[in-house]
Amino acid sequence: MTKPVQPNEPLVTHIYTADPSAHVFEGKIYIYPSHDLDHEMISNDNGDQYNMEDYHVLSIDGDGSPCVDHGEVLHVKDVPWAKQQMWAPDAAYKNNTYYLFFPARDYDDIFRIGVATSASPSGPFTPEPNYIPGSYSIDPAVFVDDGKSYIYFGGLWGGQLEKWQTGSFVPDAEGPSETAPALGPIVAELSEDMLSFEGEPREISIIDTNGNPILAGDEERRYFEGPWVHKYNGCYYLSYSTGTTHNIVYAISKDPLGPYEYQGKILSPVIGWTTHHSIVQFKEKWYLFYHDSSLSGGADNKRSVKYTELRYNDDGTIQTIHP
Ligand code: FUB
């Protein structure tokens, strides 16, 4: 009998997992993580150490239940357009179909975002032959809201977001200067069949309480990677990683397309360089899924997915979690 999972403990220990995207499907919490490999890699700002090849799906019935590993559901060798680096995925349900959205580098070494489909939340998933036309960068997060579906994505450095500022890929492009507005995540509406963008992707603006854009030099608050959108009490919450300062922070809007007003920190830095999360409601409670590198003794590329309860204050702000 597998052990029940406890808050702030790895969901599984037989493989390394990262970048958890959690959703409630068919009465359970399904978790769509990256699958970190147990090999030694050179660590650099380009993220070459995150050389993942496949995805597993995990599920739990709720607090105190064991975590089930549903096994490998998609491998890079089965994706015609993808060469390497199967980074943070997300999943969505629509049209009686489960969709797995995932980034990978194509044969030109450019990150693109692909889709794979399944009749079951636990896969296996069948990839579309090509990536989503017009997609780029990493960390897709899909939010289905009143019949409309939005995909949020983008990550700096290894995620290549700063290379797309002109609308096409510029290999040696750098991010904005410290006093210029930071780059925001990108959002696009998804088509009815969830397989393409409806209209042009656009950048989301993140502003402070005075309405001024968060600046690129404001590394405690500026967007780096790992967007996630959820809805609470009629407001849209955009949460993300600040990368170099290792926080998960959030901003609120009345519109899923923004602008979003910065609010504060959800999760303090964890063990390891990267921090990545998702937020999900299950029954009466809200949960934060996150990862850290404690199980591997701090190795950047060997992370483990965990969860903990997330609590709101009466005014809708989120209580900071210190893992
Ligand atoms: O897992 C590879 C990358 O590390 C993800 O895409 C980022 O969000 C960071 O967690």
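The values are calculated or read from the model by the stated rules, or taken from the named source; none is laboratory data. This structure is a prediction, so every number in the text was calculated from the model and none was measured. In this analysis, Cβ positions are derived from the backbone assuming ideal geometry, glycine residues included, and neighbour counts consider all displayed protein chains. For the accessible areas, the whole protein counts, side chains as well, though only heavy atoms, and no ligand, DNA or RNA atoms are used. Shrake-Rupley method; radii C 1.70, N 1.55, O 1.52, S 1.80 Å.
How much of HIS14 can a 1.4 Å solvent probe reach, expressed as accessible area in Å² and rounded to 10?
Rounded to the nearest 10, the figure is 120 Å².
Please list the non-local residues whose amide H lies under 5 Å from the amide H of GLY264, H modeled 1.01 Å from N, same-chain partners needing a gap of 5 or more.
TYR250
Just to check I understand the Karplus step: with θ = phi - 60° and J = 6.51 cos²θ - 1.76 cosθ + 1.60, what whole-Hz values come out for region 312-323, glycine and proline as x?
Coupling constants for region 312-323: 9, 7, 4, 7, x, 6, 9, 6, 5, 9, 10, x Hz.
What residues from region 78-120 fall in the zone where the backbone N is under 13 Å from a label point 7 Å along the Cα-to-C-beta line of GLN281?
What the label zone holds, given the 13 Å backbone N cut-off, is no residue at all.
Along region 262-268, what does the Karplus equation 6.51 cos²θ - 1.76 cosθ + 1.60 (θ = phi - 60°) give for ³J(HN,Hα), rounded to whole Hz, x for Gly and Pro?
4, 10, x, 9, 9, 9, 6
Could you check how many percent of all C-alpha pairs in region 201-323 are farther apart than 23 Å?
On the way: 2214 of 7503 pairs.
Here the long-distance tail beyond 23 Å is 30 percent of all Cα pairs in region 201-323.
If the cut-off is 17 Å between C-alpha atoms, which aspartates and glutamates fall inside it for LYS306, apart from same-chain ones fewer than 8 positions away?
Within reach: GLU9, ASP19, ASP36, ASP61, ASP63, ASP69, ASP90, ASP292.
Taking every pair of alpha-carbon atoms in the chain, give the share separated by more than 30 Å as a whole percent. Working shown, then result.
Details: 13621 of 52003 pairs.
It works out to 26 percent of all Cα pairs.
What is the calculated FRET efficiency for GLU174 to ASP106, with r their C-beta to C-beta distance and R₀ = 25 Å, to the nearest 0.05?
Working: r = 22 Å, r/R0 = 0.89.
Result of the calculation: an efficiency of 0.65.
Let me cross-check ARG311: its accessible surface, 1.4 Å probe, with only protein heavy atoms counted, in Å² to the nearest 10?
My reading of the accessible area for ARG311 is about 120 Å².
Take the alpha-carbon centre of region 114-156, take the same for region 228-298, and report the distance between them in whole Å.
Taking the Cα centre of each part, region 114-156 and region 228-298 sit 19 Å apart.
With a 1.4 Å probe and all protein chains kept in place, how do SER120, SER168, SER21 rank by accessible area, largest first?
Details: SER120 35, SER168 65, SER21 5 Å².
I get SER168, SER120, SER21, largest accessible area first.
With a cut-off of 8 Å between alpha carbons and a minimum separation of six or more residues, what is the relative contact order of the chain in percent?
16 percent
Could you tell me the accessible area of ILE132 in Å² (1.4 Å probe, neighbours in place), rounded to the nearest ten?
0 Å²
What is the dipole size for the chain, taken about its Cα centre, with +1 at each Lys and Arg Cβ and -1 at each Asp and Glu Cβ, in debye to the nearest 20? Please list the in-between numbers first.
Details: 21 positive and 46 negative charges, 127 e Å.
For the chain, the charge dipole is close to 620 debye.
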